[in-house]
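One structure is given below, encoded as structure tokens.
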Amino acid sequence: MALPVNLEIAKTHLLSRKKQSIVAMLGVTFGIAMFILMISFMKGVNKFLQDTMLASTADIKIYNDVKTDFSSSVTADYFQDSSQLVVVRHQKPKNVNLNIKSADQIIADLKDNPKVLAVSPMLSSQVFFNYGPVQLNGIIKGVNILEEIRIFDLKDKIVSGRLENLLTSDNGIVMGVGLAKKLHVSMGDMVTLASPTGNSMRLRVVGTFQMGMAMVDDVNSYVNIATVQQILGKDNSYITTINVKLKDLNFASAEAISCEKKYGYKAESWEVTNASVQTSNVVRDVLTIVVSATMLIVAGFGIYNIMNMLITNKMKDIAILKAQGFAQKDIIQIFLTQSIIIGLLGAIAGLLLGFLLSYGLSRVPFPSQGMVSLKTFPVIFEIKYYVFGVLFGVITTLVAGLMPSIKASKIDPVAILRG
Amino acid sequence: MSEILKTIQLNKYFRETEEFHVIKSINMTINAGEFVTITGKSGCGKSTLLYLLSTMDNDYEGEVHINNTKVTGLSQNELAAFRNENIGFIFQFHFLLPEFTALQNVMMPALKLAKHSRAEIEERAYAKLKQMQMEDYALKLSGKLSGGQQQRIAVARALINEPKVIMADEPTGNLDSVNTGIVFDIFKELASKGNTIIAVTHDNDFAERSDRIIEMKDGEIVQ
Ligand SMILES: Nc1ncnc2c1ncn2[C@@H]1O[C@H](COP(=O)(O)OP(=O)(O)O)[C@@H](O)[C@H]1O
Ligand SMILES: [Mg+2]
């Protein structure tokens, strides 16, 4: 018990009104616990969505965008006279191929780019699956599967069969589990599909995959590029999209711009493709900060009130201490120490509670309605949130305790001791 | 004898509702080892004067010198340190910290001064309590003790740093006759050991026993 005298006084004050000290502490505890729980959960949701999104989005996607710039038209060419104003309503494009010309050169060039890790050409098409008399909508993605798996982490997503089966059979299809279920097909079954232009084909199911999002799993299938070229009636150099994986996905935006310039086709980075996911991440982050800050401010007011009450009750003691030669800074130290101890203990208890709540939540089954494949609530555990929590707690209590402590230090002992 | 406390043209006004001249041009000198009592009718300014001398109240005109230091004009923090080392103050209503033991109360000013080790301070505090015949109560919470017992502990606390001057504002004003007698004897003993004591009292017996009586009337010293 060899504390400096100021700390000894602070300790005695705290212990002699245990109930109040504990109430003040609990305020901080709940604030921090809430902060930890919310941030761990929200960041877990963000991470889950980001991972799911990144698993189905290339860092950069190069494609031939439909031109909607009609500033020049055949009509104007016909009239030729520049003094006449030509107005064309309801402009339509001419019949253009949406393929990427000289795709081979572009792919070769991308592969030479030191920032690029992998390149995969793709040709996708809207199709209709015949399911008895009914037709189901779907999308088939024609890929070179060996290139594709270097970009997307597909191996882990395979539920039945093998992706490589596509290489050995020229009419194979790997389907999303949702789609396979709708069509009541499984490994080895045949499906009939038709293109929008009316061509139809029979393919054999050689595998199924599950990405975890109904949006993908109920619609998409993988086939060889040649299969799509065939059903669309195009030649074997016809592709519409080139997917690119970079060594560092943070360079995607910059690299997309330079690709666009270099190749003359639209190049979209993953941030743009998934702008809505990014936006909802920001919304969740802001929500977390606002709610946690509110909780901590409320806890701060609690401490402020309790410190104020304590100081009002201790006016006489403060006057006595001052009469004995305790300086203003001693009085500030005595009372500030108390709020820091309340803050620190409260914050540590808050970390524990926050961890327990987060852990509990991470074990609760997620009420999935088939939209996402989540077994339990997504929660991530990161030291940095816990460090932030303690920091927040201590800073809040420091600020809340400072004003009452300064007030205490300014008490005029004569006014009180005169009696 | 060397002078330990001196005031020069000390004046104080209360200016709350209307101006009230409470201490009027007091010049006084107190020598080391003197036992001085300040007497006078209630409301004549005795307590106010003592608070000025104690450096707790520094809203005044004129000068106060204690132990060859001009305390007038020192900062709050300097005054606190000065008080801690040089002045022992005893109040009318004992004024101990109720949540601390008698021993802790006595030790506190010495721990603040930090001139000696904790063990040494504890030993001295016991000695002071013993001098007040309160050593048996050392570990009792001071809030649980009687008025007379608390006042004796307060005296022990005032003595712990061996201050140059001991000031007391009606130290027996709130005590029964038995305890008053005990506190009287303590002061007398302290005085005989060469302590400088300035005590405000309106108890004539108490004043009679001191070396010198300063009588006040309406903020002035009458003799
Ligand atoms: N804070 C104050 N404001 C105005 N007048 C005061 C204040 N404190 C004391 N007084 C007045 O000053 C005078 C002296 O008070 P005090 O020194 O306490 O007298 P004593 O101790 O001699 O009884 C009294 O008339 C009292 O009413
Ligand atoms: Mg008085």
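The values are calculated or read from the model by the stated rules, or taken from the named source; none is laboratory data. Model, not experiment: these values are computed from the prediction. Please note: Cβ atoms are built from the backbone with ideal geometry, for glycine as well, and neighbour counts cover all protein chains shown. Ligands, DNA and RNA are stripped out before the accessible areas are found, and what is left, the full protein with its side chains, is counted by its heavy atoms. Shrake-Rupley method; radii C 1.70, N 1.55, O 1.52, S 1.80 Å.
Under the definition of Cα pairs under 8 Å and six or more residues apart, what whole-number percent is the relative contact order of the stretch B:128-210?
Here the relative contact order equals 30 percent.
Helix B:177-192 sits at what angle to the longest principal axis of chain B, using alpha carbons and giving 0 to 90 degrees rounded to 10?
Value to nearest ten degrees: 80.
Out of every Cα-Cα pair in chain A, what percent are more than 29 Å apart?
64 percent
Net charge within 11 Å of A:ALA226 by Cβ-Cβ distance, Lys/Arg positive one each and Asp/Glu negative one each, not counting A:ALA226 itself?
Net charge around A:ALA226: -1.
How high is the FRET efficiency between A:ARG202 and A:LEU352 when r is their beta carbon distance and R₀ equals 60 Å, given to the nearest 0.05?
So the FRET efficiency works out to roughly 0.45.
Nearest 10 degrees, 0 to 90: what angle lies between the long axis of helix B:102-113 and the longest principal axis of chain B (Cα atoms)?
Roughly 60 degrees between the two axes.
Under 10 Å, Cα contacts only: if you run a Gaussian network model on chain B, which one of B:GLN151, B:GLN104, B:GLN131 comes out with the highest mean-square fluctuation?
B:GLN131
Nearest 0.05, what FRET efficiency do A:VAL66 and A:VAL399 give at R0 = 51 Å with Cβ-Cβ as r?
Efficiency, from the Cβ-Cβ distance: 0.35.
Applying 1/(1 + (r/R0)^6) with R0 = 60 Å to the Cβ-Cβ distance of A:SER83 and A:GLU271, what FRET efficiency is obtained, to the nearest 0.05?
Plugging the Cβ-Cβ distance into 1/(1 + (r/R0)^6) gives 0.80.
Could you give the semi-axes, largest first, of the ellipsoid that matches chain B, computed as the square roots of 5 times the alpha carbon gyration tensor eigenvalues and rounded to whole Å?
One finds semi-axes of 28, 20, 17 Å for chain B.
P(r) for the stretch A:102-156, please, calculated from all Cα pair distances in 10 Å bins and given in %.
20, 37, 25, 13, 5, 0
Between A:VAL205, A:VAL216, A:VAL290, where does the largest GNM mean-square fluctuation fall for chain A, given springs only between Cα atoms within less than 10 Å?
Among A:VAL205, A:VAL216, A:VAL290, the largest mean-square fluctuation in the Gaussian network model of chain A belongs to A:VAL290.
Just going by the charge dipole of the protein assembly as shown, with Lys and Arg at +1 and Asp and Glu at -1 on Cβ, which of A:PHE377, A:ALA194, B:SER42 is farthest out on the positive end?
Comparing the listed Cα positions along the dipole, A:ALA194 ranks first.
Assign one of three labels to the stretch A:195-292, namely rounded, prolate or oblate, based on the Cα gyration tensor with a ≥ b ≥ c the square roots of its eigenvalues; rounded applies when a/c is under 1.5, prolate when it is not and a/b is larger than b/c, and oblate otherwise.
In terms of gyration-tensor shape, oblate.
How well do other chains shield peptide A:316-323, expressed as the mean number of their Cβ atoms within 10 Å of each residue Cβ?
6
Provide a whole-number value for the mean count of partner chain Cβ atoms within 10 Å of the Cβ atoms in peptide B:78-85.
4
Sticking with the crude label model, points 7 Å out along Cα→Cβ, report the distance from A:PHE128 to A:LEU7 in nm, one decimal please.
8.1 nm
Give me the extension gain from B:LYS115 to B:THR29: residue separation times 0.36 nm, minus the current Cα-Cα distance, reported in nm with one decimal.
The B:LYS115-B:THR29 span can extend by a further 28.0 nm.
Determine which residues of the stretch A:101-122 fall in the zone a paramagnetic label at A:SER237 would reach in this model, i.e. backbone nitrogen under 20 Å from the point 7 Å along Cα→Cβ.
A:101-112, A:120-122
Each label point is 7 Å from the Cα along the Cα-to-Cβ direction; what then is the distance between the points at A:ILE158 and B:GLU215, in nm?
Between A:ILE158 and B:GLU215, the simple spin-label model gives 11.5 nm.
Could you tell me which helices of chain A pass both thresholds, a Cα extent of 30 Å or more along their own axis and a mean Kyte-Doolittle hydropathy of at least 0.5, with helices taken as whole DSSP H runs?
Long hydrophobic helices here: A:18-55, A:275-313, A:328-363, A:383-409.
Taking a spot 7 Å from the Cα of A:ASN308 along the direction of its beta carbon, which residues of the stretch A:1-29 have an amide N less than 16 Å from it?
Output list for this probe position: A:24.
Rg over Rh of the stretch A:271-419, using C-alpha atoms and the Kirkwood radius, what does it come to?
Reported Rg/Rh, Kirkwood definition of Rh: 1.21.
Where a ≥ b ≥ c are the square roots of the eigenvalues of the C-alpha gyration tensor, would you call the stretch B:135-204 rounded, which needs a/c under 1.5, or, failing that, prolate if a/b is larger than b/c, or oblate?
Oblate.
Where only protein heavy atoms count, and the probe is 1.4 Å, what is the accessible area per residue for the protein assembly as shown in Å²?
That works out to 49 Å² for each residue.
Would you work out if the stretch B:173-223 is rounded, prolate or oblate? Take a ≥ b ≥ c from the square roots of the eigenvalues of the alpha-carbon gyration tensor; rounded if a/c is under 1.5, else prolate when a/b is larger than b/c, oblate otherwise.
oblate
From Cα pairs below 8 angstrom and at least 6 apart in sequence, can you work out the relative contact order of the stretch A:1-146, rounded to a whole percent?
Result for the stretch A:1-146 is 11 percent.
Please work out how many pairs of lysine residues in the stretch B:126-223 are eight or more positions apart (or on different chains) and have Cα atoms closer than 22 angstrom.
Taking the stretch B:126-223 as the scope, the lysine pair count is 12.
Report the gain in length on full extension from A:PHE388 to A:SER102: 0.36 nm times residue separation, minus Cα-Cα distance, nm rounded to one decimal.
In short, 97.7 nm is gained.
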